[in-house]
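Have a look at the structure below, then the notes.
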Amino acid sequence: MSLVGALFASCMDMDARNAIGANPLQDGLESIINAKDKQELFRVAGRLARTGADFITSLSPDSNLQNSSVNVLWVSHADLMLNDEYYENPQVLQNLEEYLVTYASTILNLTGFGLEGSEYDNYGDVVLGVEKQLIELQSYSSLDPVSADVCYLLSYQEATENYPLVFGAYAEGMQLLDDAPALTEDTDVALLSIAYFEKAEELVMLLSLDALKTYVAFAYINGFAKYLSEPFLTARYEFFRATILGTDSPRRMETVCAAHLADLLPVHTGVQYVAQRGGMKETGEVFITMVEEILDTMITNIETLDWLDELTRANVLKKLNALEIMYVQPDAEQLDKEAEGLAKLDSTAFFANVELIKMARFVALAWAIGGDVDRDEWGMSSASVNAYYTPYTNQVVFPAGLMQQPFFDASNEAAQIFGSLGVVVGHEISHGFDNTGANFDANGNWNAWWTEATVLEFGKRAQCLVDQYSGFYTEAEDGEQLVPVDAEPTDASTRRRQLVGLFDRFRSDYTQLSVKLRESLRLQHRLMDKCLQMKNELVVCAIKIKTTEQVQADEIKSLSFYRDECEYAWKQSALSQARERDAMRIIDDLRAKMEDLQLQVKALVASGASAPMMRRRPQSEGSNERMLATPVLLSPKMQVPWRD
């Protein structure tokens, strides 16, 4: 039986999966429970991360930004249970908290996890609390020292000394120095954020050992839950699909297992998919002919574009000519590479197969550190209905799965082909030449190649689209218009509603601040004075807005309530030097928001100018798209992406 056949058969064998239940996780959970201190716990977490989920820290090889042909060990924050959008929007998170806690408690209880003499009644509450603190840490990247290179290079030894738990003990547990031939204590590692890891180290020192054990156990179980027995699958369905997506029935097991194949054995799965498609040779020929015509047209347009200066034009053409198109499926060598260490899989032991595949993948990743970037490697299966551009290799990938109806049919007219899949091709290619691709040269190195003149001209044309889309709106179920606050108001009523919306946002911020002060932050008197000063300035700002815009009086008067709230929170708290810095940061952040609000209001009153966009670091991997800024919506009904 083939690797794909054995893996699929084992996935479908629910009797065998139900028979073993959570037994495969028990040794790992015992190691977590028996850890005597945080140092040992982080070593355990690192060992489990070799085949399981990351914990606070993610360690993986990827292209060196300054030399895109060589891999470096990247150190970044680990993914949380959900996408960041859930945690960043208080209203969305509040609606999900009960379900998240239930899910976390359920899968922990299914394994029999328990800490003797623990102070916690509900382990799900612990998980939620830790995740909310971790998402807050990610915002600290704005405090990083200025760097033109996006990342921060430290030697492995320096990173260990600076962050003894979240890097040192964790990497020791992963045994990277033993398994990665090119990695030594003197080797540079790339950190995406210095401030994040400084704060993460502080956080884990403050959290209790039991809280950390609970969260490590949850991350471990959650990472493997989709490969376990029916009770785990049911818990995942009820939270990720029924609660978040609103689906009323689980996916068929065949569909679930097919997705596991594409994730665990992407190359092998893709090969079988292409073999069963038929006519892929002719399809590929028609596709690449279309791509070549699109590239020829782009070159002609670049050569005649009147707003590009000659230096930028030359760099565009150089990068466009160096662009590598990868389509249908990867080379045969990738099939052998994926099969290394997988001589045979057991058609009746799904979890054992998963562990074997993940261990083989970890070994390959360890060997990749310090080695050459494999330019023939694909980031997804050729069975995937997707496409992507990679900036550090200047490559674009179009899998065979995309070359089917309704996107593509080789027998269609040219207009149909260009109007469907041709749009996708142009979109992906354009990533190499947008304001993110502008930071990577033709060789994929981090090397900005736009001139200042081009940046200015690009900004003018981008602003045209910003202005156009800022004027769009939709309606909520109650008929209320949902309008971006930085859009040009059409009348006094709209402007008034927008300003009231701004106060609603600040009311939420100050409510959260009061809770933090009351529950966990015990401040010095001078911090209280600063808090009161900030509230007074906000009230002054509100009065100014009332004078110019006639905002409803009760909306302004209610702001003074939060001055009393802040003072009450301080009076109910004891002094604490240890947490003063964090409290000061919260106050300073809100003060900055208040000052930004003043500027926005002045701009709205004077000329209707839009607020400045938030700055985010460009990504260094793949082509996952992220918005550089998201307008705040009044009375939003959000749909947020999920992770499963």
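Readers should treat all values here as calculations from the given coordinates under stated rules, not as data from a laboratory. This one's a predicted model, so the numbers in the text were calculated from it and none came from an experiment. For neighbour counting, all protein chains shown are included, and Cβ atoms are generated from backbone atoms with ideal geometry for every residue, glycine included.
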In the range 303-312, residues that are buried (at least 17 other Cβ atoms within 10 Å of the Cβ) and either within 30 Å of residue 411 (Cα to Cα) or of a type outside the set (S, T, N, Q) (or both) total 1
In the range 50-102, anything closer than 13 Å to residue 132 by Cα and out of contact with any helix residue (DSSP H, G or I) (no Cβ under 9 Å at 6 or more places or on another chain) is listed as 79, 83, 89, 94
Can you tell me which residue is farthest from the chain's Cα centre (by Cα) among those in the range 368-395 that are within 23 Å of residue 172 (Cα to Cα) and crowded, with 17+ Cβ neighbours inside 10 Å? 370
Could you please find all residues in the range 243-282 being in a helix (DSSP H, G or I), among the basic types (Lys, Arg) and loosely packed, with under 12 Cβ neighbours inside 10 Å? 281
Selection from the range 432-448 of residues that are touching a residue at least 12 places away in the same chain (Cβ under 8 Å) and either under 17 Å from residue 461 (Cβ atoms) or in a strand (DSSP E or B) (or both): 433, 435, 436, 437, 438, 440, 446
Residue match in the range 71-86 (condition: out of contact with any His (no Cβ under 8 Å at 6 or more places or on another chain), among the hydroxyl-bearing types (Ser, Thr, Tyr) and more than 25 Å from residue 365 (Cα to Cα)): yes
